[in-house]
1. On the Cα set of segment 131-191, report Rg and Dmax in Å, please.
2. Using only Cα atoms, what is the ratio of the radius of gyration of segment 195-279 to 2.2 N^0.38 Å?
3. Got a sec? Charge dipole of the chain, +1 on Cβ for Lys and Arg, -1 for Asp and Glu; which of His18, Gly257, Ala108 is way out at the positive end?
4. Provide the per-residue ³J(HN,Hα) series for segment 215-220, in order, calculated from phi with Karplus coefficients 6.51, -1.76, 1.60 and θ = phi - 60°, each as a whole number of Hz, with x at glycine and proline positions.
5. For the chain, give the share of DSSP beta bridges that are antiparallel, in percent and rounded to the nearest 5; count only bridges with both residues there.
6. Where does helix 157-171 land angle-wise versus the long Cα axis of the chain, in degrees 0 to 90, nearest 10?
7. Which one of Ala160, Val43, Gly266 has its Cα pushed farthest toward the positive end of the charge dipole of the chain, where Lys and Arg give +1 and Asp and Glu give -1 at the Cβ?
8. Please figure out what share of the DSSP beta bridges in segment 67-226 is antiparallel and state it in percent, rounded to the nearest 5.
Amino acid sequence: MIKGSTDIYAVIGDPVEHSLSPLMQNYLIKLFDLDAVYAACHVRSKDLKTALAGLQALNIKGINVTLPHKIKVRAFCRTVSKDVETLGAANTITPDETGLCADVTDHAGFLESLGDRQSLFRGNAVCMLGAGGAARSILYALSQLEVDRVSIYNRTRENAEQLIREAAQSFGFTSAESVAQSELNRTIESSSIVINTTSVGMHPHIEATLCGDDAPFSRRHFVYDLIYNPLQTRLLRTAKSKGAFVQNGLDMLIFQGLQSLRIWTGQNLQADAGATKRM
Ligand code: ATR
């Protein structure tokens, strides 16, 4: 129940109506029995500065930031975490008496979503699809998992090359290469893990996929699609039908949100896989 003492959290973005964050965060708030509520605020770029300036005044305890504000928001924060500095984007803002603190939780959400499967990555080859903002966070996470190498296929190869240069510069990861579409099947064959970071296959274009039905997936592959709508993309369906172990993006969404909640509350909140499946 919302009371006078209830802490207020929100996600800001433009658009924000379709965000799953309120559903997910209010579920977590209930799960952990917190006296809090989480809403969505439609904030246009021209109003970002004013909206952020009002957070402390309104005693709002924390906000998540989604597109298109994830990069711009840094400029209005007094402190930014090392991860925000490295990745250049923030998704979690915490007001305190002296200003706003910026964090980013995407890579931590990805790592936590892997659970025991983190050990599959050490020393193994990864094929990553995409080279946008999500790919950057995943590459950062992969750099912490001691993978052997990451081969990146992206529609615009130059964007993959750019990401590879930035990864070397900002977090010292030098084991990435870009591959052409003609090399994709060969790359999948020689990788143990395939990760889709693009929006290809997302609702409403659910039959789209970057790997054809002839992609050489097998029992020794782990295929992770960051998409959670639909829960089973065509990519995952194809991979699963060939015996691969598959994972969708729902747990990453939940764990990056949980990480925000930990930052805001200062509590080491723990959700097991069962808890996320009951959502
Ligand atoms: P995000 O922050 O979610 O990663 P983004 O930065 O816009 O979003 O990146 C989107 C990624 O999906 C990019 O790698 C993009 O490829 P390009 O660099 O060629 O634009 C990829 N992507 C989006 N739509 C695509 C499509 N229809 N076919 C192939 N790749 C696509």
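The values are calculated or read from the model by the stated rules, or taken from the named source; none is laboratory data. Here the structure is a predicted model, which is why all the values come from computation and not from measurement. Note that we place each Cβ from the backbone using ideal geometry, even for glycine, and neighbour counts take in every protein chain shown. For the accessible areas, the whole protein counts, side chains as well, though only heavy atoms, and no ligand, DNA or RNA atoms are used. Shrake-Rupley method; radii C 1.70, N 1.55, O 1.52, S 1.80 Å.
1. Reported Rg and Dmax, both Å: 11.0, 30.
2. Details: Rg = 15.0 Å, N = 85, 2.2 N^0.38 = 11.9 Å.
Scaled against compact globular proteins, the figure is 1.26.
3. After comparing all options, I get His18.
4. 4, x, 6, 8, 4, 8
5. Working: 7 of 40 bridges.
That works out to approximately 20 percent antiparallel.
6. 60 degrees
7. Looking along the dipole axis, the top candidate is Val43.
8. Details: 5 of 24 bridges.
Beta bridges within segment 67-226, antiparallel portion: roughly 20 percent.
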